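Single-structure report; data block below.
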Amino acid sequence: MGVDDVHDLAILSVQGLKAKALPLGDSSQVAAGDEVYVVGNPQGLEGTFSTGIVSGVRKIGDDSLLQITAPISPGSSGGLSQFKR
């Protein structure tokens, strides 16, 4: 449905998927100390799950970057992070 190569982000629509879609949140509301959950498939290994917190919100140019403590394994590009306040 949409791709942002600069930010390594894609929004997908999957026919026949039975899982509920995660809602997109308001990243301007994320703050240091918020819980974060990360799901990835490093090197093709399915279902890697880790937890952590937002340790900082950094501004670089027009972008806001979230610094997190949850480990993300190499090869997990395109993984999913979910924040919980």
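Laboratory data are not the source of any read-out in this text; all were calculated from the coordinates shown. Being a predicted model, the structure only gives us computed values, none of them experimental. Neighbour counts are summed over all protein chains in view; Cβ atoms, including those assigned to glycine, are modelled from backbone coordinates with ideal geometry.
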Mean Cβ count within 10 Å, highest first, over the residues of peptides 59-72, 7-20 = 59-72, 7-20
Residue separation between residue 64 and residue 4 times 0.36 nm, minus their alpha-carbon distance, gives in nm 20.1 nm
Say R0 is 25 Å: what FRET efficiency, to the nearest 0.05, do residue 12 and residue 57 get from their beta-carbon distance?
-> 0.40
Amide H to amide H, which residues 5 or more places from residue 53 or on other chains are under 5 Å from it, using H placed in the peptide plane?
-> 36, 69, 70
